[in-house]
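Accompanying notes for the structure given below.
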Number of protein chains: 2
Amino acid sequence: MLGNFTFHNPTKLHFGEDSLSKLSEELKNYDKKVMLCYGGGSIKRNGIYDQVMAELKKAGCEVVEIAGVMPNPTIEKVLEGAHMARQENVDFILGVGGGSTVDYCKAVAGSAWYDGDPWEYYFKNWQPMTCRWIPVGCVLTMAGTGSEMDSCSVISSHTENRKLFYNFRNPDFSILNPRFTFTVPKYQMVAGIYDIMSHILEQYLSGTDDNTSDYIAEGLMRSLIVSSRKANVNPEDYEARSNIMWTATWALNTLIDRAKATDWMVHMLGQAVAAYTDATHGHTLAAVSGAYYRLLISKSPDAVQKFKRLAMNVWGVSAEVKTDEQVAMEGLETMEQWMRELGLAMNITDCGAKPELIEGMADACPICQGGYYILNRDEVVQVLKDSL
Amino acid sequence: MLGNFTFHNPTKLHFGEDSLSKLSEELKNYDKKVMLCYGGGSIKRNGIYDQVMAELKKAGCEVVEIAGVMPNPTIEKVLEGAHMARQENVDFILGVGGGSTVDYCKAVAGSAWYDGDPWEYYFKNWQPMTCRWIPVGCVLTMAGTGSEMDSCSVISSHTENRKLFYNFRNPDFSILNPRFTFTVPKYQMVAGIYDIMSHILEQYLSGTDDNTSDYIAEGLMRSLIVSSRKANVNPEDYEARSNIMWTATWALNTLIDRAKATDWMVHMLGQAVAAYTDATHGHTLAAVSGAYYRLLISKSPDAVQKFKRLAMNVWGVSAEVKTDEQVAMEGLETMEQWMRELGLAMNITDCGAKPELIEGMADACPICQGGYYILNRDEVVQVLKDSL
């Protein structure tokens, strides 16, 4: 663990089939006016809304609602929520949904009592939050983003065609009931699984030092591989879905990036593809990673060593009578076999990309500095072409 | 992750060579009267005391000191500290030392404003803490117990010949500078390493379900094995010592026992030996584990399977052309080879135990219910005899 760092993650997690019963207990710690945020209304169809409302009633809360939080929440929707939160003077913001809903709640919580333009102030200029913060909690219905135990909020602007993030504050508590994730369609479930895998890899694939964070990351990947295969066969396998949900949280709550440079290039590439295709996040990550990882292996001896370690410790590849490059590549191919098994998009054409969009995607793609090799723009274009 | 549980660990960790510089910043969040607790005075000889005092001065603190906190802090010493903390009306308790000092600070923090007998109330009867709590922080100088990020406090009574624990509250912050652990003598360093290994194993060795906690535990063990071998050759290997320090914290901060039954039998046996020999904690654990684990493997098919997994995933044993029992045993033997490498006590005779003490030790040994096999008293005696 070279370097200096701070770890602090005060979010309280209630996990399990009965975890929603903790909601009324938690809400008793706050004043009574709660703003309930959710998405397109699936929680009304699957009964989660009614269960949450019963808990709110039990806690004696007065509820105002904002529905229609979209998969990539917009700054316009944030402003609508912030206006409502301030006008109604709410004491607490409760999100019920996936990572987008939780991200949205954080942005509303930090914007309600800010008098200026939160898009300019927070997301574009990363200025410190000094206004009153409204505490946030969540009931998670989808595993993947890790937003339930971090401070990050990703918000989009359609007018500027940009998707930016800001670190507000963590939720005070998050309620994780794996059964609530059963209603997620399989296409979304596997996208979430690859999002988790990519989060872990993007922290793991940097540095040449010996760091405990990498060993924990390997453990999380091994668990995710076993459980994703079971969930792929039977999405209602509670044990598998619970492990996936727990892994998602620990993949991105800052534990495994301690003393790591990290390389978020797959996310940058995937998000650039998504900006032009509106394809599902996890599938865009899957679609670009093969080409990017092959480039890394071809350019960097350090990358070869780390992919070799990944192959042996996570994908069960034997190193006997093979060169380091062969072991590294065999690991990558084993991973791609697992990706095909899950039905992930294996190229950006499947995500709706076309060759004529590549230049625009490359313009929309920031270049990370923390990985084994730093791309130039031509190489970004090449990776995207190789991903077609 | 079967079952319902809560995870909440709000301790802020400052880690690294420069982490002590965070102390004055942290102390600015509290009122000014600080009680400084430490052990036998080694921090005065190695300069840590002066560095801490400079930070306290920088924060404008008024300091009262209590020195002489012993390796197994006694309830009498707790009462002395609690009396001082109350009389001086201290605002904050800062421990500088190893796990014993941190445990001591928690006990003082929860006892100062309690009017009755804390030994009876907390440690013997596990009654809830309702009195005023004095916030605690620590500067850790030894890796092993995990007390820097948990609520546990282990206190001894010589008059009753008992060592009991109570869960108070977590430290608000802990400062972990791996360089501060360099002055720990090698015999203590390896004892700390085995204490960490045993903490992980005692959580890992229970249950037959597929649980992400076990995968994280495997990652921590793999890291510990690599780093302990390096630290054994060169105790001033900063990278290795930093990984050991970080692993110790995550081995016992409740992360890897989520949804686990756990089996703390090695700690029970080791503590019974220590009660009669005063041998170092980690060495007593090492001295009893071989016999206990062999008994588990001989009695429980579930234990065979888990030891087989341990052998393959942590100790690098190949399962080819072997029975499950053979793989399990080969893993255990590989672990014992590592233990000998480190110079750990491999039997309780080396800890100062004698055959005539065995019956008394068995009387002092509680029997855990969460593992693969529940011992009867005769079997406790047998494990202790086999450990001679």
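How much mean residue ellipticity at 222 nm does chain B get from its helices, if each DSSP H run of length 4 or more adds -39500 (n - 2.57) and you divide by all residues, to the nearest 500 deg cm²/dmol?
Estimated from H runs of four or more residues: -15000 deg cm²/dmol.
Could you identify which residue out of B:CYS138, B:CYS37, B:CYS368 has the top mean-square fluctuation in a GNM of chain B using Cα springs shorter than 10 Å?
Highest fluctuation of the listed residues: B:CYS368.
Hey, any idea what % of the range A:12-180's accessible area is carbon plus sulfur with a 1.4 Å probe?
47
May I ask you to list the residues of the range B:16-57 whose amide nitrogen lies under 14 Å from a point 7 Å from Cα along the Cα→beta-carbon direction of B:TRP113?
B:31
Kindly give the distances from B:ASP115 to its copy-mates, label point to label point, with each label point 7 Å from Cα along Cα→Cβ, as nm values to one decimal ordered shortest first.
When each copy's label point is compared with this one, the spacings are 5.0 nm.
Which aspartates and glutamates have a Cα less than 15 Å from the Cα of B:LYS28, not counting those fewer than 8 places away in the same chain?
Within the straight-line cut-off, B:LYS28 pairs with B:GLU55, B:GLU62, B:ASP91, B:ASP172.
At a probe size of 1.4 Å, how large is the accessible area of B:ILE358, to the nearest 10 Å²?
The accessible area of B:ILE358 comes to roughly 0 Å².
Hey, how many Å between the Cα centroid of the range A:274-293 and the Cα centroid of the range A:1-76?
29
Summed for both chains, how many Å² of accessible area, to the nearest 100, are buried between B and A with a 1.4 Å probe?
For chain B against chain A, roughly 3700 Å² becomes buried.
Report the Stokes-Einstein translational diffusion coefficient (µm² s⁻¹, integer) for chain A, Rh taken as the Kirkwood radius over Cα pairs, at 4 °C with viscosity 1.567 mPa s.
D = 60 µm²/s.
List the residues of the range B:3-22 that lose 50 Å² or more of accessible area once all protein chains are present, compared with their chain alone (1.4 Å probe, heavy atoms only, no ligands or nucleic acids).
B:ASN4, B:PHE5, B:THR6, B:PHE7, B:HIS8, B:PHE15
For the pairs B:LYS57/B:LYS106; A:LYS230/A:LYS260; A:LYS163/A:LYS186, flag any whose C-alpha to C-alpha distance is greater than 28 Å.
A:LYS230/A:LYS260
Apply the Karplus parameterisation 6.51 cos²θ - 1.76 cosθ + 1.60, with θ equal to phi minus 60°, to every residue of the range B:120-127 and state each ³J(HN,Hα) to the nearest whole Hz, in sequence, with x for glycine and proline.
5, 6, 8, 6, 8, 10, 6, 7
Suppose every K and R has +1 on its Cβ and every D and E has -1 on its Cβ; what is the size of the dipole of chain A about the Cα centre, in Debye to the nearest 20?
So the magnitude is around 520 debye.
Once the piece of chain linking B:ASP363 and B:ALA67 is laid out straight, how much longer is it, given 0.36 nm per residue of separation minus the C-alpha distance between them?
Stretched fully, the B:ASP363-B:ALA67 segment lengthens by 103.2 nm.
Can you order the peptides A:198-211, B:301-314, A:335-348 by their average number of other Cβ atoms within 10 Å per residue, highest first?
Ranked from most to least packed, the peptides come out as A:198-211, B:301-314, A:335-348.
Which residues of the range A:197-217 end up with at least 50 Å² less accessible area in the presence of all protein chains than when their chain stands alone, using a 1.4 Å probe?
The answer is A:ASP210, A:THR212, A:TYR215, A:ILE216 - residues whose exposure falls by at least 50 Å² when every protein chain is included.
Of all beta bridges DSSP finds with both residues in the protein assembly as shown, what is the antiparallel percent, to the nearest 5?
Roughly 25 percent of the beta bridges in the protein assembly as shown run antiparallel, per DSSP.
Report the net charge of residues surrounding B:PRO10, where surrounding means a beta-carbon distance below 10 angstrom and charges are Lys +1, Arg +1, Asp -1, Glu -1.
After counting each charged neighbour, the total is +2.
Which whole-Hz couplings ³J(HN,Hα) result when phi for each residue of the range A:105-116 is put into the Karplus expression 6.51 cos²θ - 1.76 cosθ + 1.60, θ = phi - 60°, listed in order with x for Gly and Pro?
Working through the residues one at a time gives 4, 4, 5, 5, 4, x, 9, 4, 9, 9, 7, x Hz.
Among B:VAL317, B:VAL136, B:VAL273, which one shows the highest mean-square fluctuation when chain B is modelled as a Gaussian network with alpha-carbon springs under 10 Å?
Its mean-square fluctuation being the largest, the pick is B:VAL317.
Heavy-atom accessible area per residue, the range A:186-386, 1.4 Å probe: how many Å²?
Dividing the accessible area of the range A:186-386 by its residue count gives 34 Å².
Mind giving me the nanometre distance, one decimal, between the label points for A:GLU120 and A:GLU160, set 7 Å out from Cα along Cα→Cβ?
1.0
Using a 1.4 Å probe, what is the accessible area per residue for the range B:59-177, in Å²?
Ligands and nucleic acids excluded, the figure is 36 Å² per residue.
Give the angle, between 0 and 90 degrees and rounded to the nearest 10, that separates the Cα long axis of helix A:48-58 from the longest principal axis of the Cα atoms of chain A.
Once rounded, the angle reads 40 degrees.
Answer with one residue from B:LEU13, A:SER111, A:GLN271: the one whose Cα lies farthest towards the positive end of the charge dipole of the protein assembly as shown, charges on Cβ with Lys, Arg +1 and Asp, Glu -1.
Farthest towards the positive pole: A:SER111.
Run the label-point distances for A:MET53 please: 7 Å along Cα to Cβ, every other copy, nanometres, shortest first.
6.6
I'd like to know which of A:ALA328, A:GLN369, A:GLY316 lies farthest towards the positive end of the charge dipole of the range A:186-386, counting +1 on Cβ of Lys and Arg and -1 on Cβ of Asp and Glu.
A:GLY316
What does the charge dipole of the range B:300-375 about its Cα centre add up to, to the nearest 20 debye, if the Cβ of each Lys and Arg holds +1 and the Cβ of each Asp and Glu holds -1?
That gives the range B:300-375 a dipole magnitude of about 220 debye.
Read phi for every residue in the range A:5-15 and hand back ³J(HN,Hα) as whole Hz from Karplus 6.51 cos²θ - 1.76 cosθ + 1.60, θ = phi - 60°, with x for Gly and Pro.
Each residue's phi maps through the Karplus curve to give 7, 10, 10, 8, 9, x, 4, 8, 10, 9, 10 Hz.
If I histogram all Cα-Cα distances within the range A:12-180 using bins 5 Å wide from 0, what percent of pairs lands in each bin?
So the P(r) values, bin by bin, are 2, 9, 20, 23, 22, 13, 7, 3, 0.
With viscosity set to 0.890 mPa s and temperature to 25 °C, compute the Stokes-Einstein D of the protein assembly as shown, Rh being the Kirkwood radius across alpha carbon pairs; µm²/s, no decimals.
Estimated via Stokes-Einstein, D reaches 89 µm²/s.
Within 10 Å of each Cβ of B:235-243, how many other protein chain Cβ atoms are there on average?
3
May I ask for the angle, rounded to the nearest 10°, between helix B:324-342 and the longest principal axis of chain B, with both axes built from Cα atoms and the value confined to 0 to 90°?
Long axis of B:324-342 versus the principal axis of chain B: about 40 degrees.
List, shortest first and in nm to one decimal, how far the label point of B:PRO71 (7 Å from Cα along Cα→Cβ) is from its counterparts in the other copies.
Taking the point 7 Å beyond Cα along Cα→Cβ, the inter-copy spacings are 6.1 nm.
Indicate the residues belonging to the range A:248-265 that lose 40 Å² or more of solvent-accessible heavy-atom surface (probe 1.4 Å) upon moving from the chain alone to the assembly of all protein chains, ignoring ligands and nucleic acids.
Going by heavy-atom accessible area, the residues of the range A:248-265 that drop by at least 40 Å² are A:TRP250, A:LEU255.
I'm a student and want to see the number: the projected area of the Cα convex hull of the range A:247-384, averaged over all directions, in nm².
The orientation-averaged projected area of the Cα hull of the range A:247-384 comes to 8.7 nm².
Between helix B:281-299 and chain B, what is the angle of the helix's C-alpha long axis to the longest principal axis, kept within 0 to 90° and rounded to the nearest 10?
Relative to chain B, helix B:281-299 is tipped by roughly 30 degrees.
The values are calculated or read from the model by the stated rules, or taken from the named source; none is laboratory data. These numbers were taken from a predicted model, which means no experiment stands behind them. As a convention, Cβ positions derive from the backbone with ideal geometry for all residues, glycine included, and neighbour counts pool all protein chains shown. What goes into the accessible areas is simple: the full protein's heavy atoms, side chains included, and nothing from ligands, DNA or RNA. Shrake-Rupley method; radii C 1.70, N 1.55, O 1.52, S 1.80 Å.
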